[in-house]
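Here is the structure we will look at, set down as structure tokens.
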Amino acid sequence: MFERIKEDIAVIREKDPAARSALEVMLLYNGFKAVRMYRRAHWFFNHNMKFLARWISQRCVKKTNIEIHPGAQIGRRLFIDHGTGVVIGETTVIGDDCTLYQGVTLGGTGKDKGKRHPTLGNHVMVGSGAKVLGPIEIGDNVRIAAGAVVLSEIPDDCTAVGVPARVVRRNGAKIVELDQVHIPDPVAQELCRLEHRLELLEKELARFRTGKAKSEESSRTEEVSAAEDAGVPKADSSPLHDE
Ligand SMILES: CC(C)(COP(=O)(O)OP(=O)(O)OC[C@H]1O[C@@H](n2cnc3c(N)ncnc32)[C@H](O)[C@@H]1OP(=O)(O)O)[C@@H](O)C(=O)NCCC(=O)NCCS
């Protein structure tokens, strides 16, 4: 038991730079108090003393504003930062080394019976105000953004954001979502490309024709001036015209 208490203190000191001493954590950290009270309540819950278990958990709500149902299964080194407004439902499962910020709900949608709360893997971080609802699986090393509402499964090593939450990072790489409605038409794209090339070719041809016409004009002018230099009369300077 003391080993568990020690690691619950150690994880807070490791993750919260504001935690200065073990004493400060034990006396002033609501997250620590709530986890300790949950562990006690869970013991009574498992030993069929459900009323006592609920009584402890409700005392915890009064003291810390954190509500953890004694039936929830929580792994080692859970860190609840700040904690106000955190709610963890009865059939929730949380792995090891998870972090929850204030305002997180691990709850049900109201539609399911039996297992109706989420299952979180190891090293999961749930940002402030995020809601994870329903009997869904959240993989290991998942980061759920502040304010997200998660309604479906999230695989390992992902970051999920938004309402409803969508995966935006997997293994640190950005996920580019394909728009399922406005799917690009490859044939139309190819036709568009061909039309563009045709336009370019037409312009090129027009430029070529203009260039050719101009060069013909200038060569004709050159021929005329060469003939004039040689004393050949102009084509339009006919004897009739001279008279
Ligand atoms: C999601 C979070 C964990 C960052 O995870 P990350 O894997 O490092 O992801 P990034 O910061 O690269 O963000 C990924 C994308 O999600 C967006 N995003 C991040 N946080 C978001 C949020 N809370 N809501 C909506 N979108 C968010 C980013 O803008 C980014 O968008 P882009 O792909 O268009 O650039 C972090 O932003 C967060 O929300 N932490 C919660 C911390 C908390 O609750 N603190 C309370 C302390 S009191």
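The values are calculated or read from the model by the stated rules, or taken from the named source; none is laboratory data. Model, not experiment: these values are computed from the prediction. Cβ: placed from backbone, ideal geometry, glycine included. Neighbour counts: every protein chain shown.
Please find, among Lys33, Lys6, the residue that is closer than 24 Å to His123 by Cα, part of a helix (DSSP H, G or I) and at pLDDT below 95.
Details: Lys33 fails: at pLDDT below 95.
Among Lys33, Lys6, only Lys6 is closer than 24 Å to His123 by Cα, part of a helix (DSSP H, G or I) and at pLDDT below 95.
List the residue pairs whose Cβ atoms are under 7 Å apart, where the first residue sits in the range 123-147 and is over 12 Å from Thr92 (Cβ atoms), the second is surrounded by fewer than 17 Cβ atoms within 10 Å (Cβ to Cβ) and aliphatic (A, V, I, L, M), and the two are 6 or more positions apart or on different chains.
Gly127/Ala146; Ser128/Ala146; Gly129/Ala146; Ala130/Ala146; Lys131/Val149
Go through the range 41-64 and report how many residues are buried (at least 17 other Cβ atoms within 10 Å of the Cβ), of a type outside the set (Gly, Ala, Ser) and within 37 Å of the chain's Cα centre (by Cα). Before you say what the answer is, go through the steps one by one.
Taking the range 41-64 first, the residues buried (at least 17 other Cβ atoms within 10 Å of the Cβ) are 41-42, 44-45, 53, 56-57, 60, 64.
The next check asks that each one be of a type outside the set (Gly, Ala, Ser); those that pass are 42, 44-45, 56, 60, 64.
Filter once more, so that each one left must be within 37 Å of the chain's Cα centre (by Cα): 42, 60, 64.
The total comes to 3.
Looking at the range 110-122, is at least one residue within 15 Å of the ligand (Cβ to nearest atom), surrounded by fewer than 20 Cβ atoms within 10 Å (Cβ to Cβ) and assigned to a loop (DSSP other than H, G, I, E, B)? Talk me through it step by step, then tell me what you get.
So the first thing to find is which residues in the range 110-122 are within 15 Å of the ligand (Cβ to nearest atom), and the list is 120.
Those left that are additionally surrounded by fewer than 20 Cβ atoms within 10 Å (Cβ to Cβ): none.
No - not one qualifying residue is present in the range 110-122.
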